[in-house]
Structure formats: C-alpha cells, structure tokens
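Q: Have a look at this one before I ask anything.
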Amino acid sequence: MPRPSVLIVGAGLAGLAAARELERRSCGVIVIEARDRVGGRVWTLRDGFGGMHAEAGGDLIDDDQEEIRKLAAELGLREARVLRGGFSHYRLGSDRRRMRSSSSGWRQTARALEPLARAYKLNGEQWDGPIAAAIARQSITEWLDQIGDRPAVAAARKASLGAMADLRATAATMRGFFLAEPNELSLLVYVEQVAAGDDPAKRTMYRLRGGNDRLPERMARALRASVRLQHAARRIVQNESSVRVTVENRRGGRTEIASDYAIVAVPGPLAVEIEYAPALPAAQRDALSRLRYGRATKTLLQFARHPWRRPGRPRACATDLDIGAVWDSSEEQLGARGILTLLAGGSASDATKAILAAKGAESLAGELGFFGVGRARLIGSRSVTWEDDRWAHGAYAFFDSSFPPSARRLLALPWKRVFFAGEHTSNAWQGYMNGAVESGLRAAEEVFATSKLPNKL
C-alpha cells in the first residue's frame, strides 16, 4: 500500500515527534516552521552565560512522563535528576515576614476539594456532562469566596481562619504552575489535579544533559527532509483526495505545497489564524479561539557562586512574590557559578516586566535573599516573555471558567484530512513537553488509521 505524504505545520516537539514517527513508517514528510529555529517553546539559552546554559522555555521532565523520556533515550540523550527536594512554598506571614512552608497548603486544598474530586471521579474523570460543567463554571477565587462565606468558616475559630489563609496563599503561589491567576483559572483544573492524587510540588524531576533543545535538534537532524524554517502556513485547502497548503516565507512570498494529509502542530491561537477550506466546524474554531495561554516571563540570573546550595535549604520554591517561582536551573552543571530561574506567571509576569524595565535584573536579584543568594554577585541575565512571542501567544494553555469543558475534546479532533497536535490537545499532560510529544505521536497514528479507510468529504 502506498504510504501517504504529510505536511506538518510547526517544528516544536509535537510536530517533530509526528514527523519522526511518520518517516519511521516510510511516509513522505514536509515540515514547515515559522521561527528561525526548531523547538518552539523549548528554547535553551547559552549566549552570555560563559559556557553554561539554562532553559527559557520547557524545563522539567517528570519521572512518569514516559514518551518524552523514551524518545530522549532513543536519540542518545541522557537525563539529569534535579530539584530532589521538590518545591517549597514561600508566602507572607502574619508578622509580614516571609515564611517557608511545606506542601501543607496543597494538602489543605486537596481536603477542601475532596467532595468535588469525588464527584469528578464518579464522572469517570471526564470533562463531559453536567458534573464537569458545574465545577468548571467557577473560578478558583469564586470557590474560595464561596467556602469562606460559609458560617462554619466565616465565624470561625482562629485555626479555621488560618486554614482559609493557607488556601488563598496556596492559590496565589500556584500561578507559577498554572500561569494563571486564581480568578482566571477554572476550578475544574484544580479538581483534576487533586483527583490525580499528585502534589505538584513533590515530583521526581529531570532535565536533559546539555540542554533540552538537544531533543528537537536531534529529531530535526535525523529527518530525511530538512525543516523549512521561516515558513508559515496561511491557508489549508482540502478535497476528498489531497491537501494544499499555502505557505508564506520570511520575505512575504507565497507558494503552495500539496500532500495527502496535514498536521497542524502549533498553539491554538496560531491554528485559528490559518484559513481552512472547507472551513473548520464552528464549534471547533470556537474552542480553539477561546483557549487561553498563560502569561509568563522567565528570567535567568547567573551568579558568580551558588551559596543557596546548602544542606537543608530548598533549591526550588513557589512564591506569591512578583518574581514568581524560583529554582536552581544549573545544579547538574559543574563549576562555581550558578543560574537561578525565575518564572513569573499570570499578573506576576506583568509585574516582573515592569521591574525589569524600571530597575533591571539587579532589582530582581535583590528579591532573592529568602532563597539564600546572600552576597553572590550577579554576572549575567536573560529574560523571555512568552505572551509577547508572535509564534506562541503565551507559555502554555490553560482553561478559564468560561471555557466549556465538553469542548476540550474538539481541540484534538481531526478535520477530515487535517489533524491537530500540541500540548493543548493532550488530556493527560496538557502544558508539559511530554504532552506535546504524545500529541505528535497520536496525530501520526491518526494519519495511519485514516489512510487505510475511505475518506469522503
């Protein structure tokens, strides 16, 4: 049986994983990428760090993220175990001092959400049906206000009031994880996390030695066909036997490329910028259009030494500070110098950008006394704001309380000969590099499944 040809839009992890799998099965593949590099939101920075590197985009890999770990091993990449103590939480205490806490805030959140988590499990942990819809229409803030207004809490003893303060503080620190404010994020996302039984702060985590960008770069080099950089898809026309994609190069010139199928492996906002003929179903276009992406400014600060690496001190923490979450981003690299990552999500991204514009990176470094930086000298810095990136529109997707949960399945639904991939289409690993890899492999399998069946428009 002749193998199909497939044009892939996007050379991030999803697009490249799909291309690799398709070529493994002897399909003809063309990959186009609007950026001047492969990797998408996986971007390792090296310039200005004197031989060191740190991740401006996708960073940490969890131990149960099987597909990305398997892919890295197949490509000869080695992992480095990092941040063995997980994430601690830092927040403002009643005495106006920063206080270090463990995961107690998340455990209290899980207890408070238990009735909703049980209902979600009875729903088969699905996003369809009235149970999911009822949970999803509330934001985290609305839920906190609701339980805070209950007589048993509102008139409460001091311990109960303290518990409410912990719940609110935990919600504030979690914007470094979900990249959304508590008043933006759907309660269903919280419930889903609790139902999974995982404390997001206590995971076994890895990075790829030498930089995470080695993964997309090795995939791209291994392809038989080279990736066409600085080429953006503008229009996809399909009939009952083929697809024609209008591609625009960096000089504005346009050409058409024909193939049997297409995979669109770019963020939702970019997917809906493409013109489709026949047009995407209205419900599917609406789902992609309503999907939001987290504001995130990631700042990498290099110091002449790393005094925070002391016994008993955390190497990662979530905070309610404007600088966001903080972690050691170079502990697997040898030498006296060290790099810290600051990930400011939601409104903290706006605040961090304002601080950088007004006072520079030195001001951010001055906020890190609680982390044990001490008098270590700042010798280098880089900052990337993902919501300002033309080809990203944000760091990764999140679901707000206006997004109908039943529409989530539409994000990955094929449209005849056009298939969709990307972390936003993953159910189990949305927001993760592993979700991107899995979605690319799933889209490739969908091509194989479809190519064996009659396809009539």
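The values are calculated or read from the model by the stated rules, or taken from the named source; none is laboratory data. All values derive from a computational prediction rather than experimental measurement. Here Cβ is always computed from backbone atoms with ideal geometry, including for glycine, and neighbour counts include all displayed protein chains.
Q: ALA397 is checked against (1) under 29 Å from ALA73 (Cα atoms); (2) over 16 Å from the mean Cα position of the chain (by Cα); (3) outside the structural domain of GLU23 (by TED's automatic domain parsing); (4) among the hydrophobic types (A, V, I, L, M, F, W, C) and fails just one. What number does that condition carry?
A: (2)
Q: Is there a residue being without any contact (Cβ under 8 Å) to a residue 40 or more places away in the chain and closer than 30 Å to LEU301 by Cα anywhere in region 378-386?
A: If we filter region 378-386 for residues that are without any contact (Cβ under 8 Å) to a residue 40 or more places away in the chain, which is where we start, we get none.
No, the conditions are met nowhere in region 378-386.
Q: Does GLY324 count as crowded, with 18+ Cβ neighbours inside 10 Å, within 20 Å of the chain's Cα centre (by Cα) and either under 21 Å from GLY58 (Cβ atoms) or not assigned by TED's automatic domain parsing to the domain that holds ALA180 (or both)?
A: On the way: crowded, with 18+ Cβ neighbours inside 10 Å: yes; within 20 Å of the chain's Cα centre (by Cα): yes; either under 21 Å from GLY58 (Cβ atoms) or not assigned by TED's automatic domain parsing to the domain that holds ALA180 (or both): yes.
In short, yes.
Q: Moving on. Take the residues in region 435-457 that are surrounded by fewer than 24 Cβ atoms within 10 Å (Cβ to Cβ) and under 21 Å from the mean Cα position of the chain (by Cα), then tell me which one is farthest from PRO281 (Cα to Cα).
A: Only one residue tops the list, namely LEU441.
Q: If we only count strands (runs of 3 or more DSSP E) wholly inside region 303-402, which ones have 1 or more residues that are at pLDDT 95 or above and of a type outside the set (A, V, I, L, M, F, W, C)?
A: On the way: elements: 316-319, 325-328, 338-345, 378-385.
Per the criteria, 325-328, 338-345, 378-385.
Q: Considering each of ILE68, ILE8 in turn, give the residue that is buried (at least 21 other Cβ atoms within 10 Å of the Cβ) and under 13 Å from LEU208 (Cβ atoms).
A: Numbers: ILE8 fails: under 13 Å from LEU208 (Cβ atoms).
Result: ILE68 is the single residue among ILE68, ILE8 that is buried (at least 21 other Cβ atoms within 10 Å of the Cβ) and under 13 Å from LEU208 (Cβ atoms).
Q: Scanning region 264-283 for residues that are in a loop (DSSP other than H, G, I, E, B) and in contact with a helix residue (DSSP H, G or I) (Cβ under 7 Å, 6 or more places away or on another chain), which turns out surrounded by the fewest Cβ atoms within 10 Å (Cβ to Cβ)?
A: So the first thing to find is which residues in region 264-283 are in a loop (DSSP other than H, G, I, E, B), and the list is 265-267, 274, 278-281.
Still in the running and in contact with a helix residue (DSSP H, G or I) (Cβ under 7 Å, 6 or more places away or on another chain): 265, 267.
Working: ALA265: 32, PRO267: 26.
Step by step, filter region 264-283, then rank; the result is PRO267.
Q: Can you go through GLY148, GLY176, GLY162 and tell me which one is modelled with pLDDT under 95 and buried (at least 22 other Cβ atoms within 10 Å of the Cβ)? Spell out the reasoning first.
A: Numbers: GLY148 fails: buried (at least 22 other Cβ atoms within 10 Å of the Cβ); GLY162 fails: buried (at least 22 other Cβ atoms within 10 Å of the Cβ).
None of the others qualify; the one that does is GLY176.
Q: Determine whether region 450-457 contains at least one residue that is outside the structural domain of ALA271 (by TED's automatic domain parsing), more than 17 Å from PRO4 (Cα to Cα) and in a loop (DSSP other than H, G, I, E, B).
A: yes
Q: For region 227-240, indicate whether the set of residues that are surrounded by fewer than 12 Cβ atoms within 10 Å (Cβ to Cβ), out of contact with any helix residue (DSSP H, G or I) (no Cβ under 6 Å at 6 or more places or on another chain), touching a residue at least 40 places away in the same chain (Cβ under 8 Å) and assigned to a loop (DSSP other than H, G, I, E, B) is non-empty.
A: Keep residues of region 227-240 that are surrounded by fewer than 12 Cβ atoms within 10 Å (Cβ to Cβ), which gives 240.
Checking the rest, the ones that are also out of contact with any helix residue (DSSP H, G or I) (no Cβ under 6 Å at 6 or more places or on another chain) come to 240.
From what is left, the residues that are touching a residue at least 40 places away in the same chain (Cβ under 8 Å) are 240.
Adding the requirement that they be assigned to a loop (DSSP other than H, G, I, E, B) leaves 240.
Among the residues of region 227-240, at least one is surrounded by fewer than 12 Cβ atoms within 10 Å (Cβ to Cβ), out of contact with any helix residue (DSSP H, G or I) (no Cβ under 6 Å at 6 or more places or on another chain), touching a residue at least 40 places away in the same chain (Cβ under 8 Å) and assigned to a loop (DSSP other than H, G, I, E, B), which makes the answer yes.
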